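Chemist: One structure coming up, written as structure tokens, with questions to follow.
What follows draws every value from the coordinates through simple rules; no lab data is involved. As the structure is a computational prediction, the values presented were derived from the model and not from experiment. Glycine gets a Cβ as well: all are built from the backbone with ideal geometry, and neighbour counts include every protein chain shown.
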Amino acid sequence: MKKHVKMFMDYWGISIADVTPCFACDGEYGVIVDVHHLENRASGGDPQGLKDRPDNLIGLCRRCHTLAEHRKHYNDFCKGLLNEKILRKTYGG
């Protein structure tokens, strides 16, 4: 398992056996199959793991991951959703 995937799963308390709805579409188009870096690691990768942080990782279905990869406005939408989820996780609600 890739380091960023493990970090994402640990932070959100998700196990490999869980079927978790996509964070962006709330499962309308599928369950989490990819962990997307909202701030791209770029073509050189991220050897120091600086972008492998819970506030930069979101679990997406295949459709939403493709949209986030190719459409900046959808990636920005996902950033907003993730920030809300982190706030709810941190402060309740």
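Chemist: State whether one or more residues within region 44-52 are closer than 17 Å to Met7 by Cβ, of a type in the set (Lys, Arg), within 13 Å of the chain's Cα centre (by Cα) and assigned to a helix (DSSP H, G or I).
Modeler: No, that holds for no residue.
Chemist: Look at region 1-34 and say how many of its residues are within 13 Å of the chain's Cα centre (by Cα) and either farther than 15 Å from Ile86 by Cβ or part of a helix (DSSP H, G or I) (or both).
Modeler: Final tally of qualifying residues: 18.
Chemist: Does region 68-91 hold any residues that are farther than 20 Å from His4 by Cα and either in contact with a helix residue (DSSP H, G or I) (Cβ under 7 Å, 6 or more places away or on another chain) or surrounded by 15 or more Cβ atoms within 10 Å (Cβ to Cβ) (or both), and which are they?
Modeler: Hits for region 68-91 are Tyr74, Phe77.
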